[in-house]
Amino acid sequence: MSNLIRICVESTAQHFKAHRTVWLIIFLPLTLLITLSPSSPIAIAQGEGTENIQVWGSVGSNPGQFNNPAGIVLDPKGYVFVVDSNNDRIQKFTSNGTFIDEWGTAGAGPGQFNRPIGITLDYTNGHVYVTDTGNDRIQKFTSNGTFVDEWGTAGAGPGQFNTVIGIDEDDDKQNVYVTDVGNNRVERFTNDGLFVSEWGTAGAGPGQFNNPGRIALDPSGNLFVADFGNNRIQKFDENGNLITMWGTGGAGPGQFYNPTGMTVQFPQGNVFVADSGNSRIQQFDNSGKFVKEYSIGENTGDITNIDLDVDSDGKIYLTDRGLDVIKVISP
């Protein structure tokens, strides 16, 4: 099993044994415990020169709790959809973490899941697409969780998958792109699941992949792929032609240690990457020029920050599987 697959699929240790929530205010280097609240999310405020971080969720299987939160996506109304991977469900929240709805159970039937990971939205029609990783398929739902369609089987042929993880949808052309990790390729479908094209092979050369993870489209329809094992980002046009790539292994600006999550900010086109092994988020312009990095607050020291999304104001929503929480980072 690859490192990326292991990170995304394995169960996490239960870091929060008690199902209560702690309010914290952090002014580095001093941490001050303020109060305990059983019903509110964790709130973290950091000192000048860093970011404000709010945290919501805890480990568990009740509404609003998580067991290995993976994919995350925002809709135009500000709702937040989270793939709660080890609970085999999707949860929907307001932007401040108030629970709204959930759907999914463990299994292989329509609307059931086996360790789902990726999620994206069709903003035109309101559909939700989920990579049902353990079942080697894509499932399509309404925004309220009603099952619509599914496609994919295990294998290496066109339209088949060997651990499907990343997913994004092009509203203008109604295409769905996914990363087929075990086959080291990107596959493209219509939004009804008809296979269109594929590209990529295993390797470290331009256009090759070593465990491709999260993918994201920009406003022009170009596709960015987090090439996890090669510690880089690759940018392609819609037909798989390589435009540019950047990144090497390391901890400096523009370097990566196992990039897992990635998203593109609309309409600006900025690229945000969860540089998980370095416990940070890096921001780039659309051509790959480094802009800044963000602190992610408390972490477990593991590669725990799986996915992220960002709103038009630059507020970042990050899933943290090590702590089983959602972190909201305000610039």
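The values are calculated or read from the model by the stated rules, or taken from the named source; none is laboratory data. Computed from a prediction, not measured in an experiment: that's the story for all the values here. Every residue, glycine among them, receives a Cβ derived from its backbone with ideal geometry; neighbour counts consider all protein chains shown. The area values use the complete protein model at the heavy-atom level, side chains included, leaving out ligands, DNA and RNA. Shrake-Rupley method; radii C 1.70, N 1.55, O 1.52, S 1.80 Å.
Structure summary
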{"item": "Positions within the stretch 167-182 being under 21 Å from the mean Cα position of the chain (by Cα) and either open to solvent by 40 Å² or more (accessible area, probe 1.4 Å) or under 22 Å from Thr142 (Cβ atoms) (or both), in sequence order", "result": "Ile167, Asp168, Glu169, Asp170, Asp171, Gln174, Asn175, Val176, Tyr177, Val178"}
{"item": "Flag if Asp307 is of a type outside the set (Ser, Thr, Tyr), open to solvent by less than 40 Å² (accessible area, probe 1.4 Å) and either touching a strand residue (DSSP E or B) at 6+ places or on another chain (Cβ under 8 Å) or not in a strand (DSSP E or B) (or both)", "result": "yes"}
{"item": "Filter pass, Ser197 being polar (S, T, N, Q), modelled with pLDDT of 95 or more and part of a loop (DSSP other than H, G, I, E, B)", "result": "no"}
{"item": "Verdict on Asp132 being of a type in the set (D, E, K, R) and under 17 Å from the mean Cα position of the chain (by Cα)", "result": "yes"}
{"item": "Failed item in (1) polar (S, T, N, Q); (2) surrounded by fewer than 16 Cβ atoms within 10 Å (Cβ to Cβ); (3) under 20 Å from Val164 (Cα atoms), with Asn67 passing the rest", "result": "(2)"}
{"item": "Residues located in the stretch 85-110, provided they are closer than 18 Å to Gln54 by Cβ and open to solvent by 30 Å² or more (accessible area, probe 1.4 Å)", "result": "Thr94, Ser95, Asn96, Thr98, Phe99, Ile100"}
{"item": "Residue selected from the stretch 216-232 under the condition assigned to a strand (DSSP E or B) and out of contact with any Phe, Trp or Tyr (no Cβ under 6 Å at 6 or more places or on another chain), by the criterion nearest to Asp168 (Cα to Cα)", "result": "Leu217"}
{"item": "Failed item, numbered, when Asn258 is tested on (1) surrounded by 18 or more Cβ atoms within 10 Å (Cβ to Cβ); (2) under 30 Å from Pro76 (Cβ atoms); (3) touching a helix residue (DSSP H, G or I) at 6+ places or on another chain (Cβ under 9 Å)", "result": "(2)"}
{"item": "Every pair of residues 6+ apart whose Cβ atoms lie under 6 Å, when the first sits in the stretch 250-272 and is in contact (Cβ under 8 Å) with a residue 12 or more places away in the chain while the second is among the charged types (D, E, K, R) and not in a loop (DSSP other than H, G, I, E, B)", "result": "Phe256/Asp275; Pro259/Asp275; Gly261/Arg214; Gly261/Asp307; Met262/Arg214; Thr263/Asp309"}
{"item": "Hits in the stretch 184-227 (condition: free of Cβ contacts under 8 Å to residues at least 60 places away in the same chain, within 20 Å of Gln255 (Cα to Cα), among the small types (Gly, Ala, Ser) and crowded, with 19+ Cβ neighbours inside 10 Å)", "result": "Ala216"}
{"item": "Ser279 open to solvent by 10 Å² or more (accessible area, probe 1.4 Å), polar (S, T, N, Q) and more than 24 Å from Gln65 (Cβ to Cβ)", "result": "no"}
{"item": "Matching strands (runs of 3 or more DSSP E) fully within the stretch 74-128 where at least 1 residues are within 18 Å of Gly261 (Cβ to Cβ) and among the β-branched types (Val, Ile, Thr)", "result": "80-84, 89-93, 119-122"}
